[in-house]
Amino acid sequence: MTEILRMTIGGECRPGVATFSSLDPYLGKAWVDVPEAAESDVDGAVAAARQALTSPAWGGATGPERAALLHLVADVLDANADELALLETRDNGKVIRETTAQIRSCGGWYRYFAGLSDKINGTLPDTGRKNYLGYVVSEPVGVVGAILPWNSPILLLTFKLAPALAAGCCVVAKPSEHAPASILRFAELLLEAGLPPGVFNVVSGSGSAVGEWLVAHPGVDKVAFTGSTTVGRQVAAKAGERLIPSSLELGGKSANIVFADADIEAAVNGIIAGIFAASGQTCVAGSRALIARELYDDVLARVVARASTIRMGDPKSWTTDVGPICFPGHLTRIDSMVRKAVRDGAAVVAGGEREAADSQFYPATVLTDVAMTSMMWHEEVFGPVLAVMPFDTEGEAITLANDSKYGLAAGVWTNDLRRAVRVSAALQVGTVWVNSYRTLTFAMPFEGRGQSGFGQENGIEAVGQFLRRKSVWIETEGSSRDPFVVG
Ligand code: NAD
């Protein structure tokens, strides 16, 4: 396994102008030096991507040839998943069970989109005119700047890279400064395996320098961003200034709704999976549990009991359930949000206290009586903190769930099929899980509503996010026309 990280720019793997340290949150110390890109590295990466767009090896590749390269990416992932998973676990503290399963699944994304890369067909619309043949072709958007968060680096990169490559785009990725290792290594492995130079480039460094240079770069045609709503808004504004499209996968405050007819054991398991897996550091975290009043005491007691059995520890151990919080500043933020919730009237029924001042772990925390006007009800914690609230009617449950500026996901626990369909339709979110939570596949679209962002990832149409249409009109009869009238 490598512990020397290099950026991939065109056909070269190289260091930066300086290095910065990435923290192993479990050991609480720096574990690897990461290259810091200079603005010239971003220029170089974008130039390499632009060159690849027209190179015979990539720009000139047919759909089936691109498909073969996507299969190559999948094979590289399969062969190196365990190494990449360990890099992620060391970098962001997520348990090895989760990082391994996630990265082993990513090959499926590239194979799925490989199957679409040779089906990017044009159309031949009826122009409504006898003397005109019209056809429409789809062209790649061009160079995509992909900006990633730290919580699931390879998976969230894959959501963008697989459809972008299927469409024929080239990508310059900027991983999070908190967990850059797996993406840097992945790019190096792809270059070694024969992905043409410039197709996939990675530059590392801070968001305020490297991220901003990438978004502002005149050679970037589209920005695909996953991260916080605050930064997403800035990125979209910058992209808007340049009049280039952006897609944004942002934060959430998702509700897990348990109706009185639900299978209680399954619902409790779903609540635990929704908020305590990965220590709540997932965009789809089910951070608000809405429970039918007749089940409220029972479900709350079971959630609290199950939360107390969660095994926190070394994320590299296969028996650990949750690892540490990714970095100290984030832990402080989680803790201060819980303190504020308590000042706003919430009651702590589980967790709520850091184990020790120097611990990087935050315990599974359950809050009741969270005021609907409070920050805890409305703002994303991105940590293991659950707000529990009772409801009396289906209408009230829907109103509570929709009482959010976000709209990423929701869970519905019921054995009543009609209710499942009714409630799913009424929820203003991009994903609804019925009797399940936090399941994922390349085939199901993933996109937010409201301040959770816009722009579909996953599903067949995701390729369309990286394509644009060109209409070609051909006059077939040589007939003359009035030059002063549009026709
Ligand atoms: P973040 O917004 O702090 O950072 C995301 C990325 O943006 C990083 O690479 C960062 O360096 C970069 N960045 C920061 N400032 C920038 C700027 N001015 N210009 C360009 N780039 C800049 O987010 P994070 O803390 O890394 O991740 C956690 C957030 O991501 C949470 O809000 C979570 O909900 C969200 N998230 C969303 C999804 C989704 O699919 N909806 C998935 C995972 C995480």
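Any read-out appearing in this document is the output of simple, stated calculations on the displayed coordinates, not a laboratory observation. Given the structure is predicted, the values throughout are model-derived calculations rather than measurements. So basically every Cβ, Gly included, is an ideal-geometry build from the backbone, and we count neighbours across all protein chains shown.
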Region 340-426: trypsin sites (Lys or Arg not before Pro) falling in loop per DSSP and having at most 16 other Cβ within 10 Å: K405
Charge tally in the Cβ shell below 12 Å around Q451, where Lys, Arg are +1 and Asp, Glu are -1, Q451 excluded: +1
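Do any trypsin sites (Lys or Arg not before Pro) in region 25-121 lie in a loop, going by DSSP, with at most 15 other beta-carbon atoms within 10 Å of their beta carbon, and if so which?
Numbers: sites: K29, R50, R66, R90, K94, R97, R104, R111, K119; in loops: K94, K119.
Here the sparse-neighbourhood loop sites are K119.
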Bins of 10 Å, starting at 0 and running to the largest distance - Cα pair percent for region 305-387: 18, 50, 28, 4, 0
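Report the FRET efficiency, 1/(1 + (r/R0)^6), for T123 and S208, where r is their Cβ-Cβ distance and R0 is 51 Å, rounded to 0.05.
That pair, T123 with S208, gives E of 0.75.
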Region 131-162 versus region 345-375: alpha-carbon centroid distance in Å: 40 Å
Chymotrypsin sites (Phe, Trp or Tyr not before Pro), loop per DSSP, at most 13 other Cβ atoms within 10 Å - longest free stretch of the chain: 1-317
Using alpha carbons only: equivalent-ellipsoid semi-axes of region 302-443, gyration tensor based, whole Å: 28, 20, 14
In nm, spacing of pseudo-spin labels at V348 and D416 (7 Å Cα→C-beta vector): 3.7 nm
Pairs from K94/K316; K29/K316; K174/K238; K160/K405 whose Cα-Cα separation, in the structure shown, is over 18 Å: K160/K405
For region 84-98, Karplus couplings with θ = phi - 60° (6.51, -1.76, 1.60), whole Hz, Gly/Pro x: 5, 5, 5, 4, 5, 4, 5, 7, 10, x, 6, 5, 4, 4, 6
Calculated on alpha-carbon atoms, Rg and Dmax of the chain in Å: 24.1, 84
Distance between region 175-204 and region 247-312 - C-alpha centres, whole angstrom: 35 Å
Cut-off under 5 Å, modelled amide H: who pairs with A224 long-range: G145, A146, I147, S247
Summed residue charge, Cβ within 13 Å of G59's Cβ, Lys/Arg positive, Asp/Glu negative: 0
HN-Hα J in Hz across region 133-139 - Karplus 6.51, -1.76, 1.60, θ = phi - 60°, x for Gly and Pro: 9, x, 9, 10, 10, 9, 10
Where only alpha carbons of region 16-127 are counted, the Rg and the Dmax (Å): 19.2, 66
Euclidean distance of C-alpha centroids, region 435-452 and region 53-98, integer Å: 22 Å
